[in-house]
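Visitor: This is the structure, below, for whatever I ask next.
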Amino acid sequence: MSPTVADVRALAGERPITMLTAYDAPTARIADEAGIDVLLVGDSMGNTALGYEDTLSVTLDEVLSRTAAVSRATEEALVVADMPFLSFGVSEERSIDNAGRLLTEGGASAVKLECGSHTLALTERLVDLGIPVMAHLGLTPQRVNQLGGYGRQGTSQEAAERIADLAHEHEEAGAFSLVLEHVPANLAAAVTGELSIPTIGIGAGPDCDGQVLVVNDVIGLGEWSPPFSKRFGDVGDEMERAIAAYCEAVASGEFPAPEHGHVEEGLDELY
Ligand code: KIV
């Protein structure tokens, strides 16, 4: 049986939680079989899978369709769906409808919100309604136009305190876990020590309760990776090698060979 948010929450302080993004069924199946704890259908799909410049253009329908694909292929991991830009926070009713669809139609077990003070009441309301919330603080890419890029966050005393305060407030509002992105390791360690819900870091040092990365960065698929990620494989190179070999085999006539097709006896009268 798939883990619940309570199972993931209970891992805080027990053993490191592993989380990875996934945007399609085959990747989800492989990650699930490899033993990942949480699969995040991140709005990073904008850059990594959909060819957008950033995450702002990603729509709810796109996240919904990808979430459903990931859920269908996942047996063991907890599936969390990211709420895309402006799909939450504009009106409470629309936010609830959209979050609910990610669970009812997408099959996710929880939603993730890029947070600020505007998501406190919403987190409480969603949790009241039975929609578990993973909060996300630090670098929140949906704010790229305000942040002026994707740089480090929480680097001044004031900014660090703001992140720590919002982390506490989201825990009190009922979030079951917290992603901390691109913040100083000492800030992430302090927040992790103070909260009882698990923190999941990305570019936030080793002391979080878990780690998350974008799957393309981990497997080596894509042109650019952030400085805090690490490549554990070369899937892009292997894909290119396989596709070039296929092109060569077609060009040379080596493929298809007789075993890749069939001849039906008795069809001579067709010609
Ligand atoms: O969209 C995403 O992939 C994310 C992770 C980087 C945490 O939000």
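Visitor: Which of the residues that make up the range 131-152 are at pLDDT below 95 and touching a Ser or Thr at 6+ places or on another chain (Cβ under 9 Å)?
Guide: Leu147
Visitor: How many residues are within 13 Å of the ligand (Cβ to nearest atom) and surrounded by fewer than 23 Cβ atoms within 10 Å (Cβ to Cβ) if we restrict to the range 215-228?
Guide: Total meeting the criteria: 6.
Visitor: Anything in the range 163-205 that is free of Cβ contacts under 8 Å to residues at least 40 places away in the same chain, within 19 Å of Leu122 (Cα to Cα) and open to solvent by 40 Å² or more (accessible area, probe 1.4 Å)? List them, or say none.
Guide: Answer for the range 163-205, where residues must be free of Cβ contacts under 8 Å to residues at least 40 places away in the same chain, within 19 Å of Leu122 (Cα to Cα) and open to solvent by 40 Å² or more (accessible area, probe 1.4 Å): Asp165, His168, Glu171, Glu172.
Visitor: Moving to a separate point now. Among the residues of the range 244-268, write down those that are among the hydrophobic types (A, V, I, L, M, F, W, C), at pLDDT 95 or above and assigned to a loop (DSSP other than H, G, I, E, B).
Guide: Phe255, Ala257
Visitor: Would you say Glu75 is of a type outside the set (Val, Ile, Thr), assigned to a helix (DSSP H, G or I), out of contact with any strand residue (DSSP E or B) (no Cβ under 6 Å at 6 or more places or on another chain) and at pLDDT 95 or above?
Guide: no
Visitor: Might you check whether a residue that is touching a Lys or Arg at 6+ places or on another chain (Cβ under 8 Å), open to solvent by 20 Å² or more (accessible area, probe 1.4 Å) and either outside any helix (DSSP H, G or I) or among the charged types (D, E, K, R) (or both) occurs anywhere in the range 126-135?
Guide: No: zero hits.
Visitor: Here's a follow-up. For residues that are part of a helix (DSSP H, G or I) and not hydroxyl-bearing (Ser, Thr, Tyr), scanning just the range 54-69, find the one that is least open to solvent (accessible area, probe 1.4 Å).
Guide: Val63
Visitor: Suppose we keep only residues that are part of a loop (DSSP other than H, G, I, E, B) and in contact with a Ser or Thr (Cβ under 9 Å, 6 or more places away or on another chain) within the range 36-53. Which one would you say is most open to solvent (accessible area, probe 1.4 Å)?
Guide: Leu50
Visitor: Does at least one position in the range 237-249 carry a residue that is more than 16 Å from the ligand (Cβ to nearest atom), without any contact (Cβ under 8 Å) to a residue 12 or more places away in the chain, open to solvent by 70 Å² or more (accessible area, probe 1.4 Å) and touching a Phe, Trp or Tyr at 6+ places or on another chain (Cβ under 8 Å)?
Guide: yes
Visitor: Continuing with the same structure: Starting from residues that are within 14 Å of the chain's Cα centre (by Cα) and among the polar types (S, T, N, Q), keep the ones in the range 105-141 and report whichever is farthest from the ligand (Cβ to nearest atom).
Guide: Here the answer is Ser109.
Visitor: Residue under question is Ala81, and the condition is that it be in a strand (DSSP E or B), among the aliphatic types (A, V, I, L, M) and in contact with a Ser or Thr (Cβ under 6 Å, 6 or more places away or on another chain); does it hold?
Guide: yes
Visitor: Moving on to the next point. Can you find, within the range 180-204, the residue that is nearest to the ligand (Cβ to nearest atom) among those that are at negative phi and in a loop (DSSP other than H, G, I, E, B)?
Guide: Within the range 180-204, the match that is nearest to the ligand (Cβ to nearest atom) is Ala204.
The values are calculated or read from the model by the stated rules, or taken from the named source; none is laboratory data. Since the structure is predicted, the reported quantities are computational estimates derived from the model, not experimental observations. Positions of Cβ are generated from backbone atoms using ideal geometry, with glycine treated the same way; all protein chains shown enter the neighbour counts. Protein only, heavy atoms only, side chains kept; ligands, DNA and RNA dropped before computing areas. Shrake-Rupley method; radii C 1.70, N 1.55, O 1.52, S 1.80 Å.
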